[in-house]
Amino acid sequence: MSLPRGCSLSASFTRAAAAAKEAVDDVLSGYPGLQAAQEARYKDLHAHPELSHQEHRTARVVAGELEQHGCTVQTGIGGTGVVGLLANGDGPTVLLRAELDALPIAEDTGVDYASTVTTTGADGQQVPVAHACGHDLHMACLLGAARLLADRRDRWSGTLLALFQPAEETGDGAQGMVADGLFTRIPVPDVALSQHLLPGIAGTVGTCPGPFMSAEDGIAITVYGRGGHGALPQNTVDPVVLAAMIIVRLQTVVSREVTPGDTAIVTVGAVQAGARGNVIPDHAVLQLNMRSYSEPTRQRMLDAIKRIVRGECQASGSPREPEFETVASFPLLDNDTATTDQVAAAFTAHFGRGALDIPKQTVSEDFGLIPAAVGAPYTYWGIGRTERQAYQTAEKAGRLQDLPSNHSPKFLPPLQPTLRTGTEAMAVAAMSWLAPH
């Protein structure tokens, strides 16, 4: 690289950084002009949630707005997935992702735009539906970032891919888009970026290089007994007692099978057995959830779970071998270090002290399957979800656990500064590749 006479390398970099910051500031200067429409869009999405694989209205709304911003739009990818492509000359291809789906939860927030939606779930039962995880806000932020970039194409060069993924909550939406030929319909990205509402003060952002969100395995375990009358237990093999012994013994998997210091979780979240107190059933079903951060730890935990279940079945004289069914699976979300460092530097330049380091999270996410399908680096960051005063009061009292969390009926991030922060974070991260350097 040659430099003009009298120009040092550091001075050249300083001028390039200043030019990039000026470009970012120019793009973000359009936010006040879109704020009212964005807040209305967010409230509309919040009031009309749809379950995984049912996001038909949501997808239409998103696609329509992307078209208004001048994007070339692909719909119906992996069911209801949507991608808006904004081509703007030579340069990197940057993918930004948000989620379309909501949860089978009855909202209890009291706001005038609260969801009152009910629908038929996958099991055929009527269920309430609410955006209790923040996907509505994620969508509004990505739509806002796409508009900001569309309105100031003179300040960046490259291709923006605004991807809206279905069925994140069920863990099969990302893979569904990939399997449906996602990358035969859109360009392969040079980098993929996403974000989520997480614990913290609204208005802050935080990054974490390396393993960030745990791998998850959901397992249904069926154990068998011999049913009979509750008054004659000696003539039965009681699967309720068997299930209870398994549950107690599974508590030793993390404490006695996993290396101290490794983060791992085993939870038995549901048990189904029998229908009456005086009837011993012939089987029981345990719904188990497992979280891990490395493949060796994951495999050791799976092996231990199967060994314990089979051993307890043998000890109880179970007449049949237990059955194991994987009902959900999320990969480890492992942020690329160089990509994370670049985004963190951009956040620090823009947000200043609002750019934080955040710890690993034990929740799970399938976003990484999209960039992994084409070997693209990615990073995924957090934005704070709690009003500042409420957070600081709870923190001072040592009661952060009392604050409404994702998947709570009372989950509702403050409208602002959360929307603006999430929108700026997406635009700033994308511009760290797309802005002139």
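Restricted to helices (runs of 4 or more DSSP H) entirely inside region 326-419, those with at least 2 residues that are open to solvent by less than 50 Å² (accessible area, probe 1.4 Å) and more than 20 Å from residue 96 (Cα to Cα) are 388-396.
In region 260-300, which residues are on the phi > 0 side of the Ramachandran plot and in contact (Cβ under 8 Å) with a residue 24 or more places away in the chain? Break it down into steps so the answer makes sense when it comes.
First, the residues of region 260-300 that are on the phi > 0 side of the Ramachandran plot: 261, 274.
Residue satisfying the conditions is 274 alone.
Scanning region 138-177 for residues that are touching a residue at least 40 places away in the same chain (Cβ under 8 Å), open to solvent by 40 Å² or more (accessible area, probe 1.4 Å) and either touching a Phe, Trp or Tyr at 6+ places or on another chain (Cβ under 8 Å) or assigned to a helix (DSSP H, G or I) (or both) turns up 147, 151, 153, 155, 175.
List pairs: first in region 243-259 and open to solvent by 50 Å² or more (accessible area, probe 1.4 Å), second in a helix (DSSP H, G or I), Cβ under 7 Å, 6+ apart or cross-chain? What qualifies is 245/312; 249/308; 249/312. Residue 93 meets the conditions (1) of a type in the set (S, T, N, Q); (2) farther than 22 Å from residue 170 by Cα; (3) free of Cβ contacts under 8 Å to residues at least 60 places away in the same chain in every case but one. The failed one is (3).
Of 319, 296, all but one fail to be assigned to a loop (DSSP other than H, G, I, E, B) and either at pLDDT 95 or above or not basic (Lys, Arg) (or both); the exception is 319. Taken over region 245-284, the criterion of being over 35 Å from the mean Cα position of the chain (by Cα) and in a loop (DSSP other than H, G, I, E, B) is satisfied by 274, 275, 276, 277, 278, 281, 282.
So that you can scan it fast, the table gives a plain yes or no per residue for (1) touching a strand residue (DSSP E or B) at 6+ places or on another chain (Cβ under 9 Å); (2) within 13 Å of residue 51 (Cα to Cα); (3) modelled with pLDDT of 95 or more:
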position: 136; (1), (2), (3): no, yes, yes
position: 146; (1), (2), (3): yes, no, yes
position: 153; (1), (2), (3): yes, no, yes
position: 175; (1), (2), (3): no, no, yes
position: 189; (1), (2), (3): yes, no, yes
position: 195; (1), (2), (3): yes, no, yes
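Scan region 178-197 for residues that are under 16 Å from the mean Cα position of the chain (by Cα) and open to solvent by less than 10 Å² (accessible area, probe 1.4 Å) and jot them down.
Applying the first criterion (under 16 Å from the mean Cα position of the chain (by Cα)) to region 178-197 yields 192-197.
Scanning region 178-197 gives 192, 193, 194, 195, 197.
Kindly establish whether residue 242 is part of a helix (DSSP H, G or I), of a type in the set (A, V, I, L, M) and either modelled with pLDDT of 95 or more or more than 30 Å from residue 331 (Cβ to Cβ) (or both). For residue 242, the condition - part of a helix (DSSP H, G or I), of a type in the set (A, V, I, L, M) and either modelled with pLDDT of 95 or more or more than 30 Å from residue 331 (Cβ to Cβ) (or both) - is met. If you go through region 210-242 and keep only what is open to solvent by 30 Å² or more (accessible area, probe 1.4 Å) and under 27 Å from residue 360 (Cα atoms), you end up with just 211. Note on region 14-106: enclosed strands (runs of 3 or more DSSP E) holding 1 or more residues that are open to solvent by 10 Å² or more (accessible area, probe 1.4 Å) and aliphatic (A, V, I, L, M) are 72-77, 81-88.
Can residue 275 be described as of a type in the set (A, V, I, L, M), over 30 Å from residue 176 (Cβ atoms), at pLDDT below 95 and surrounded by fewer than 17 Cβ atoms within 10 Å (Cβ to Cβ)?
It is true that residue 275 is of a type in the set (A, V, I, L, M), over 30 Å from residue 176 (Cβ atoms), at pLDDT below 95 and surrounded by fewer than 17 Cβ atoms within 10 Å (Cβ to Cβ).
The numbered conditions (1) on the phi > 0 side of the Ramachandran plot; (2) of a type outside the set (Val, Ile, Thr); (3) touching a Ser or Thr at 6+ places or on another chain (Cβ under 7 Å) are all true for residue 166 except (1).
Restricting the first member to region 13-41 and to residues that are among the basic types (Lys, Arg), and the second to residues that are open to solvent by less than 60 Å² (accessible area, probe 1.4 Å), the beta-carbon pairs closer than 6 Å and six or more apart or on different chains are 41/140. Residue 240 meets the stated requirement of being over 22 Å from the mean Cα position of the chain (by Cα), among the β-branched types (Val, Ile, Thr) and farther than 27 Å from residue 384 by Cβ.
The values are calculated or read from the model by the stated rules, or taken from the named source; none is laboratory data. A quick note: this is a predicted structure, and the numbers were derived from the prediction, not measured. Counting neighbours? That spans all protein chains shown, and the Cβs are built from the backbone with ideal geometry, glycine included. These accessible areas exclude ligands, DNA and RNA; they are computed on the full protein's heavy atoms, side chains included. Shrake-Rupley method; radii C 1.70, N 1.55, O 1.52, S 1.80 Å.
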